[in-house]
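One structure is given here, and the rest of the page talks about it.
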Amino acid sequence: MASDGCEVHRFDPSIKSAHVQESQHLWFHRLSIDWRDPHPAIAVHKLQSTTKKLGTILNEFGHNKIDVLKADLESAEWKILENLILEGVLDQIGQLVFEIHLHWPGFEIGGNDSSVVRFWYSLLKELERKDFRLFYTYKDLSKPQLFLKKELFNASSCYILSWVNMRWK
């Protein structure tokens, strides 16, 4: 995408430098998207926190839209998706590509299996209500066949889901 002139920002908390411009349109940042910003009292003791909410990152970078957000959030996707919905950040995203994990509820999501599935379903329905349309799915059969820690034939613990914002301008 960067080689075709799109501005691309890649977030990876494991890189050494805080910000690296790889090419004219490609930047790497020692940062990851989270569903919460760091606590100010704790962040003061660090030079720079490596996790922030997407809305905070957009504000800090002076951006007001994201054409394509592609993310593998290692089981934090459900809380981050909830944050994007609650804070109205979805309106700033044209396409959303998430790798979702179903082998366990995810960070800070509790309750019995039924309440976890209802929570996941409510987030997916809210995407639909906000005029996001699912246009691509991929089931990664190389991953374990687990759903909430239970083996499930012909399933995967990992799916890639892609939505387009039908209100995007």
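Report, ordered by the first and then the second residue, all pairs with beta carbons closer than 7 Å, sequence separation of six or more or different chains, a first member in segment 116-137 that is modelled with pLDDT of 95 or more, and a second member that is surrounded by 16 or more Cβ atoms within 10 Å (Cβ to Cβ) and acidic (Asp, Glu). If the second residue must be surrounded by 16 or more Cβ atoms within 10 Å (Cβ to Cβ) and acidic (Asp, Glu), the pairs left are Leu123/Glu82. Of all residues in segment 18-38, those being farther than 20 Å from Leu73 by Cβ and modelled with pLDDT under 85 number 1. Of the residues making up segment 101-129, those that are hydrophobic (A, V, I, L, M, F, W, C), under 21 Å from Lys52 (Cβ atoms) and out of contact with any Ser or Thr (no Cβ under 8 Å at 6 or more places or on another chain) are Ile109, Leu123. Within segment 149-169, the set of residues being at pLDDT 95 or above and touching a helix residue (DSSP H, G or I) at 6+ places or on another chain (Cβ under 8 Å) comprises Trp163, Asn165. Considered as a group, the residues in segment 70-79 that are closer than 25 Å to Ala2 by Cα and buried (at least 19 other Cβ atoms within 10 Å of the Cβ) include one that is modelled with the lowest pLDDT, and that residue is Leu73.
Contact map, segment 80-105: first residue free of Cβ contacts under 8 Å to residues at least 24 places away in the same chain, second residue crowded, with 21+ Cβ neighbours inside 10 Å and among the aromatic types (Phe, Trp, Tyr), Cβ cut-off under 6 Å, separation 6 or more or different chains; the map is empty.
Within segment 73-93, work out how many residues are assigned to a helix (DSSP H, G or I) and charged (D, E, K, R).
4
Screening Glu108 on (1) assigned to a loop (DSSP other than H, G, I, E, B); (2) closer than 28 Å to Tyr138 by Cα; (3) charged (D, E, K, R); (4) in contact with a strand residue (DSSP E or B) (Cβ under 9 Å, 6 or more places away or on another chain) shows it passes everything except condition (4). Scanning segment 116-155 for residues that are part of a loop (DSSP other than H, G, I, E, B) and either among the small types (Gly, Ala, Ser) or in contact with a Lys or Arg (Cβ under 7 Å, 6 or more places away or on another chain) (or both) yields Asp131, Ser142, Ala155. Pairing each residue of segment 145-169 that is surrounded by fewer than 16 Cβ atoms within 10 Å (Cβ to Cβ) with any residue that is among the basic types (Lys, Arg), provided the two are 6+ apart or on different chains, yields C-beta distances under 6 Å for Met166/Arg133.
Search segment 45-61 for residues being touching an Asp or Glu at 6+ places or on another chain (Cβ under 7 Å) and at pLDDT below 90, and hand back the single one that is nearest to Pro13 (Cα to Cα).
Thr51
The values are calculated or read from the model by the stated rules, or taken from the named source; none is laboratory data. These figures come from a predicted structure and were not determined experimentally. Cβ atoms come from the backbone with ideal geometry, glycine included; neighbour counts cover every protein chain shown.
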